[in-house]
Amino acid sequence: MTGKKTKGSQDITPEKKVEMLEQMIVIRHFEQKVEQMFMQGKIHGTMHLCTGQEATAVGAIGALEAKDKITSTHRGHGHCIAKGSDIGRMLAELLAKETGYCKGKGGSMHIADLDLGNLGANGIVAGGHPLATGAALTSKMKKLGYVVICFFGDGASNEGSFHESLNLAAVWDLPVIFFCENNEYAMSGPIKEMINIEHISQRASSYGMPGVTINGSDVLEVYEATKEAAERARSGQGPTLIEAKTYRFKGHSRADARKYRTREEEKEWITKKDPIALFKKSLIDEGVLSEEKAQAIEDQVQSFVEKAQGFAENSPEPSPESLQEDVYA
Amino acid sequence: MREITYAESVREAMSQVMRADEDVFILGEDIGIYGGAFGVTNGMLDEFGPERVRTTPISEAAITGCAIGAAMTGMRPILELQFSDFITIATDQIVNQAAKLRYMYGGKASVPVVIRTPAGSGAGLAAQHSQSLEAWMAHIPGLKVIQPSTPSDAKGLLKAAIEDNNPVMFYEHKLLYGMKGDVAEDSYTIPIGVADVKKEGTDLTVVATSIMVHKTLEAAEELGKENIHIEVIDPRTLVPLDEETIIKSVLKTRRALVVTEAVKRGGYGAEIASMIGESEAFDFLDAPVSRLGGVDTPMPYNPTLEKMAVPQVGDIVQKVREMLNRA
């Protein structure tokens, strides 16, 4: 049931690898900026950071074609960025500005960019499974050839709509990939106490689809597994369940004292399984990247995020008239 | 004009639209060879095939969300939810997803899905298959809610619902499926949000929904013998509600009674009654706006008790007499 080790990902060009690293760094810096602005009181409401989970978003979406679609989760900033969203408009949404992706009416949990094939983040755990299944049905019925990735966390695998949707997608051979980012905790609930099996991917066998557990800190392993699933889906062979083991370096959301896990456990992940550090090192070892180039990327991303902040902060508030706009089409 | 049943007219509306628009398809439990629990989709599998008449697993959350996801990406699905009571299982997808996606995504998504579902009591199906829960959905911004009472309204409103770019809840009444009425053969729409005056009158306005329209029309016959002439208004759509037609009628009759099958407490009848109370008609009222609705009990199986649980013709006659001090 555990995934096979990546075979070196020969089909990925060095340029693509560097691009993937860059995207991961953008996500990391973006989340740092969000946290900083939240602490400064500039962002209200809540936010769920995906720091530490950059490899799942970038590896999985990196294996897609531009026409493919995704559904995302409450912890969805990384998915948006990997799908190509503008971080200025994302930050503007978090600041509830009119220029935000949702005109300031959705916030962190509801960023969508339909033009890019991002069908939206979802505040309901496992809320996206049926929607992704439906989007895949459109692809099949209209012969559009696109694949849908449904991202979700370990907690979602205990929701009824997870099970119903996997079954439905399997019996109709729909081109959808159910991608579980298993970060070990459903808010405060350790997954080991929430399921009585070793791997969430085992659940795939109940629905007659392949299931695989992979290392979610290895962006290339994520890429390979998703590529394979996407090929299956595109060729009419139906859905796949991928479980990527990962870890969120931060708490569930704001004000999380993280009493449910130890600082030692966190340190273990942060020092040994940081997907960005691991990937950067391997690219340097491979000779694809130099230390100088790596530093240049960091600097570039830094100013890119600052620019996004400037755009967001200088954007106007939504007009009072917009309160009742867009309820109905 | 020929007469067909309510069920046939629902089927005809779907079939005519499906012949004209490849993006329209139907999905639901047992809708294929079985023809749906109430036979509404009989024969559609033969004409349109299993790709467009999709029999689903019994998975209300997934099939509802699947219809919504398909609608977001360019299809125009019609979902048959076998009994409206099963909305409980699909509620997250209807309330948290379909109704809100457009607003929360800043106006980018549209969700042209129709959820057709049989509601109401009278078929001896007891507490879990007989409810009238339309007030729940009418409470949610982002949804439209339709309750047709005649074969002709069902056909025209269903076509309008399918062509609408919003999620539409389409409540059919299971006792009305066999009811016959004049229905035009060609494809036509009745605009959503327009009430219909089913009978003109001068003494009192009764706003009745779904099957209660017919019970009220029967009551009107009886009251007519007593020289009491009630006006019967069928809102046809709860959201949006045609307030103007109702208020205009109450301004004329100066008395209003709202009749629903749904449990009276917290029902949509309360919404209609308070809308009248807040309108300019208030100053002209000769009696308090009144309501008849289901009693505070789950639907019982026993046929006598089942009838007692919802307003009957005699209850409407009696209530109207009371309101006119003619009891």
Residue in segment A:67-78 that is closer than 20 Å to A:Ala225 by Cα and either open to solvent by 30 Å² or more (accessible area, probe 1.4 Å) or without any contact (Cβ under 8 Å) to a residue 40 or more places away in the chain (or both) present: yes
Hits in segment A:90-107 (condition: within 13 Å of chain B (Cβ to nearest Cβ), open to solvent by 10 Å² or more (accessible area, probe 1.4 Å) and in contact (Cβ under 8 Å) with a residue 24 or more places away in the chain): A:Ala96, A:Lys97, A:Glu98, A:Thr99, A:Lys103, A:Gly104, A:Lys105, A:Gly107
Flag for B:Asp46 being open to solvent by 10 Å² or more (accessible area, probe 1.4 Å), part of a helix (DSSP H, G or I) and more than 12 Å from chain A (Cβ to nearest Cβ): yes
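Output yes when any residue across segment A:58-65 is in contact with a Ser or Thr (Cβ under 9 Å, 6 or more places away or on another chain), open to solvent by 10 Å² or more (accessible area, probe 1.4 Å) and in a helix (DSSP H, G or I), and no when none is.
Yes, segment A:58-65 has at least one match.
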Residue in segment B:62-69 that is in the same structural domain as B:Glu12 (by TED's automatic domain parsing), assigned to a loop (DSSP other than H, G, I, E, B) and more than 30 Å from B:Leu305 (Cα to Cα) present: no
Residues satisfying the stated conditions in segment A:110-120, i.e. farther than 11 Å from B:Met104 by Cβ, facing chain B (nearest Cβ under 8 Å) and crowded, with 24+ Cβ neighbours inside 10 Å: A:Leu119
Counted residues, segment B:109-128 - those being buried (at least 20 other Cβ atoms within 10 Å of the Cβ) and more than 15 Å from B:Asp164 (Cβ to Cβ): 5
Any hit, segment A:29-38, residues being open to solvent by 20 Å² or more (accessible area, probe 1.4 Å), β-branched (Val, Ile, Thr) and out of contact with any Cys (no Cβ under 9 Å at 6 or more places or on another chain): no
Selection count where residues are touching an Asp or Glu at 6+ places or on another chain (Cβ under 8 Å) and either of a type in the set (S, T, N, Q) or without any contact (Cβ under 8 Å) to a residue 24 or more places away in the chain (or both), scope segment B:303-327: 0
Among (1) within 12 Å of another protein chain (Cβ to nearest Cβ); (2) in contact (Cβ under 8 Å) with a residue 60 or more places away in the chain; (3) part of a loop (DSSP other than H, G, I, E, B), the one test that B:Ile94 misses: (3)
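Pick out the one residue from A:Ser290, A:Ser253 that is surrounded by 11 or more Cβ atoms within 10 Å (Cβ to Cβ), small (Gly, Ala, Ser) and under 30 Å from A:Val176 (Cβ atoms).
Details: A:Ser290 fails: under 30 Å from A:Val176 (Cβ atoms).
Residue meeting the stated conditions: A:Ser253.
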Candidates A:Gly123, A:Gly155 - the one that is out of contact with any Gly (no Cβ under 6 Å at 6 or more places or on another chain) and away from every other protein chain (no Cβ under 12 Å): A:Gly155
Matching residues in segment B:76-89 - criterion: being facing chain A (nearest Cβ under 9 Å) and buried (at least 24 other Cβ atoms within 10 Å of the Cβ): B:Pro77
Residues satisfying the stated conditions in segment B:262-298, i.e. in contact (Cβ under 8 Å) with a residue 40 or more places away in the chain, part of a strand (DSSP E or B) and open to solvent by less than 20 Å² (accessible area, probe 1.4 Å): B:Ala262, B:Gly294
So A:Tyr185, is it on the phi < 0 side of the Ramachandran plot, away from chain B (no Cβ under 14 Å) and either at pLDDT 95 or above or open to solvent by 10 Å² or more (accessible area, probe 1.4 Å) (or both): yes
Unmet requirement for A:Leu166, which otherwise passes all of (1) touching a residue at least 12 places away in the same chain (Cβ under 8 Å); (2) surrounded by fewer than 24 Cβ atoms within 10 Å (Cβ to Cβ); (3) at the interface with another protein chain (Cβ under 9 Å from one of its Cβ atoms): (2)
Residue pairs meeting the criteria (Cβ under 7 Å; at least 6 apart or on separate chains; first facing chain B (nearest Cβ under 7 Å) and touching a residue at least 12 places away in the same chain (Cβ under 8 Å), in segment A:127-150; second among the β-branched types (Val, Ile, Thr) and open to solvent by 10 Å² or more (accessible area, probe 1.4 Å)): A:Ala135/B:Thr73
Residue selected from segment B:131-146 under the condition of a type outside the set (Gly, Ala, Ser) and open to solvent by 10 Å² or more (accessible area, probe 1.4 Å), by the criterion nearest to B:Met299 (Cα to Cα): B:Gln131
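The values are calculated or read from the model by the stated rules, or taken from the named source; none is laboratory data. All values derive from a computational prediction rather than experimental measurement. Positions of Cβ are backbone-derived with ideal geometry, glycine not excepted, and every protein chain shown enters the neighbour counts. Quick note on the areas: whole protein, heavy atoms, side chains included, nothing else; ligands and nucleic acids left out. Shrake-Rupley method; radii C 1.70, N 1.55, O 1.52, S 1.80 Å.
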